[in-house]
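Working notes, structure below.
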Amino acid sequence: MWDAIKYVSSAFTLVAFVAAAVVWALRTWLLSGERLIRAADSPEKARLIENMLEVLRLDTTKLTRDQLADLAIRQINERGRRFRTAAIVIVILMVLSAIIATVAFFVPRHEHTTQPRLVTLRLFSEGEPVAKSFSLVWQDPTGTSHSVSGTNGETKLSIPADIHMLKNLVLDLPCYEQVDHRPIEIAEGRDLVINLRKVRSPAGDAPLPPTAFPDPRAIIPEKDHPSKELLTQKNVEPGRAVLVHENRTGEFLHLLLYSFDSARAKNPWRVLPSDHCVDYQEFNGLTESIGWYAFIARRSNGTMEYLGRANLYLKPRTLIIIKSTNSGLVGEIH
């Protein structure tokens, strides 16, 4: 009986153990009473029988002394068997409970967890992919914010399976803005799409002060000053030539055109806003009699970088592409 204490591992088994111990103690007490009755002499036996029958609550008014002794012994044996059976049943239940508790402890628990899923998010503008790097902040239905970055216009979002809507999306991508700011529904097996529209750079087109223009002698190399013979070359009449400029630097610039026409010596500069948010920009207001110009890029911090020179009257259209390199800005003139 007492070996079963090692199976006590929960509140239920503890109660079962206590109950079994009480039942076993009662059985032991009854059996000890039987032994005392059998071993006692007649006067003491009579008293013990009377006490036992009183505990067992039996009606003994019409029984003889021998009948009382026999009844007491039979009741003690019968109740002893009952207590023994009850104790065995309780111990069996206790052991089974301990086994179940042990198995439940060691068997891995399959808790219901919401496994995240990977969802692809893509950027589009006018039906075309926007292959640029970006960052994005979004909120789940609980109001928790999440941030993610992407390249080439797409990224992977790790979203719990019980979340079906992305709210308050804030996209950080220069030159673009979201067309629709409504929450985006997540559908199984379908990419998320954010539609964008291209916008101009927020940099203003305010006119540059006179101090914003560099000294041409200091910034234009002497070797790039065209000779008198070159100055007279032209295939296109003034006002018909077009300058196309493309800004691939990722920053707003002012493209400064310095005219080598001596007639404009007092005011040789033209200023063209060069917006990196616009693919191509055109200018057809070239009215100087001489088509030679030097190109200087002015950054927003006021620094100047020389890009090159060209005769814009040699062909109807001239393209200059402004790029960023490790050494600074360069101009490719075509």
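The values are calculated or read from the model by the stated rules, or taken from the named source; none is laboratory data. Remember, predicted model here, so these are calculated numbers, not experimental data. Methodologically, a virtual Cβ is constructed for each residue, glycine included, from the backbone with ideal geometry; neighbour enumeration extends over all protein chains shown.
The residue pairs whose first member lies in segment 292-309 and is on the phi > 0 side of the Ramachandran plot, whose second member is surrounded by fewer than 19 Cβ atoms within 10 Å (Cβ to Cβ), and whose beta carbons are closer than 8 Å, counting only pairs six or more residues apart or on different chains, are 302/212; 308/224; 308/333. For segment 305-319, a tally of residues being within 17 Å of residue 220 (Cβ to Cβ) and either among the polar types (S, T, N, Q) or more than 43 Å from the chain's Cα centre (by Cα) (or both) returns 7. Of all the residues in segment 212-244, those that are among the β-branched types (Val, Ile, Thr) and closer than 16 Å to residue 286 by Cβ number 3.
Would you mind stating whether residue 159 is free of Cβ contacts under 8 Å to residues at least 60 places away in the same chain, within 14 Å of the chain's Cα centre (by Cα) and either more than 15 Å from residue 192 (Cβ to Cβ) or not in a strand (DSSP E or B) (or both)? Here the answer is no, as residue 159 does not meet what is asked.
Among the numbered conditions (1) at pLDDT 95 or above; (2) under 50 Å from the mean Cα position of the chain (by Cα), the only one that residue 279 does not meet is (1). If we scan segment 266-274, do we find a residue that is crowded, with 21+ Cβ neighbours inside 10 Å and either touching a residue at least 60 places away in the same chain (Cβ under 8 Å) or not in a loop (DSSP other than H, G, I, E, B) (or both)? There is at least one residue in segment 266-274 that is crowded, with 21+ Cβ neighbours inside 10 Å and either touching a residue at least 60 places away in the same chain (Cβ under 8 Å) or not in a loop (DSSP other than H, G, I, E, B) (or both).
No other residue among 240, 264, 298 is at pLDDT 90 or above and under 23 Å from residue 326 (Cβ atoms) apart from 298.
Applying the criterion of being of a type in the set (Gly, Ala, Ser) and not in a loop (DSSP other than H, G, I, E, B) to the residues of segment 275-303, the residue that is surrounded by the most Cβ atoms within 10 Å (Cβ to Cβ) is 297.
In the set (1) over 21 Å from residue 278 (Cβ atoms); (2) surrounded by 12 or more Cβ atoms within 10 Å (Cβ to Cβ); (3) of a type in the set (Gly, Ala, Ser), the condition left unmet by residue 153 is number (1).
Does residue 248 count as surrounded by fewer than 18 Cβ atoms within 10 Å (Cβ to Cβ), in contact (Cβ under 8 Å) with a residue 12 or more places away in the chain and within 30 Å of residue 299 (Cα to Cα)? Considered against the rule, which asks whether it is surrounded by fewer than 18 Cβ atoms within 10 Å (Cβ to Cβ), in contact (Cβ under 8 Å) with a residue 12 or more places away in the chain and within 30 Å of residue 299 (Cα to Cα), residue 248 comes out as yes.
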